[in-house]
Each structure stands twice: as C-alpha cells, then as structure tokens.
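Report on the following structure.
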Amino acid sequence: MEKEKKETIPFLAPVNAERRKHPRFPVHLRIEYRRGTGSRIHFGQLLDISEGGLFLHLSEAVEVGQNLSLKIFIGSGISKFIEAGVRVVWRQFKKGAGYRIGARFIHLPSEEMKKLKALLEHLIKPKPRKDLKDLVVPLDSSKPLET
C-alpha cells in the first residue's frame, strides 16, 4: 500500500524558531566585510538573518571569535545597505563550497537597527499572490470575439 503524497506549498518561515531568541529568515543578499579597520574588502553571501545574528557564506576562512565589519546590501534608495559589527561564533568548511559562518551582532547603531527591523518586517509580510480572477479580463459582450 503506497503512502499518499501530500503537496507542500513553500512559504517563508523562521529557521529553527524553537531554539532561537530571535526568529531567522532565509535571504540571499550580497555582503561586503572587513576583518579590521583599514583591511581590504572581502565579499560573500548572507543566507539568513535575525535581530540577533546571521548566517553567511564566505570563500575565505575567518576565525571563531573574530570581529568583522559588515555591509549588507538590501536594495536601492536611501537605505541601500545595513552596516554592522559582528562576531563569528561558529564556522564550517566544505571543500569546493567554502565557509559557512554563524555570527552575532555586536555593534548595530540605532539607525542601522531601524533598517534591519524594516528588512525583517518586509520578510515577514505575506507576498501578494495573483489569483486566476486577477488574470481574467472581462469581455465586452457588445464586441465579437477575435479569432
């Protein structure tokens, strides 16, 4: 007897919400980071974010306990990016895939926190969905159908 397969609908939900102080949300955003004042810029990807920290993908190693100056690119307009200081709390390396990094915010000025909260609010809001009724155009019954 085959088990009935249930269709699942993907949705945006917090990651590991039961273990976390702040819910994390999956994203795919570009980042720049520096290892110290005046050091060169490195690039990476932000994979999830919360009010407390983030999950990064980097091509270069950083050390657990190391502080990074981070710039998260969130869009266009006045608030193009969020600047913050983070501390690396864990890392994993996978050959050919680079480094997966967990970091927590250690310096997030109030203006940057406002941008972060606005980003998280945007991620929480349900995205508008077009139903079929939005795609149906009413026909004018006084005109013949074109073929």
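Please treat every number below as a calculation from the coordinates, not as lab data. In this text, all values refer to a predicted model and were calculated from it rather than measured experimentally. Cβ atoms come from the backbone with ideal geometry, glycine included; neighbour counts cover every protein chain shown.
Quick notes
- 3J(HN,Hα) from dihedral phi, segment 51-68, Karplus parametrisation 6.51/-1.76/1.60, rounded to Hz, x for glycine, proline: 5, x, x, 7, 10, 10, 10, 10, 8, 10, 6, 10, 8, 4, x, 6, 8, 10
- Computed FRET value (nearest 0.05) for MET113 with ALA61, which takes r as the C-beta separation and R₀ as 25 Å: 0.30
- Inter-label distance for GLN45 and ARG30, nm, one decimal - labels placed 7 Å from Cα along Cα-to-Cβ: 1.4 nm
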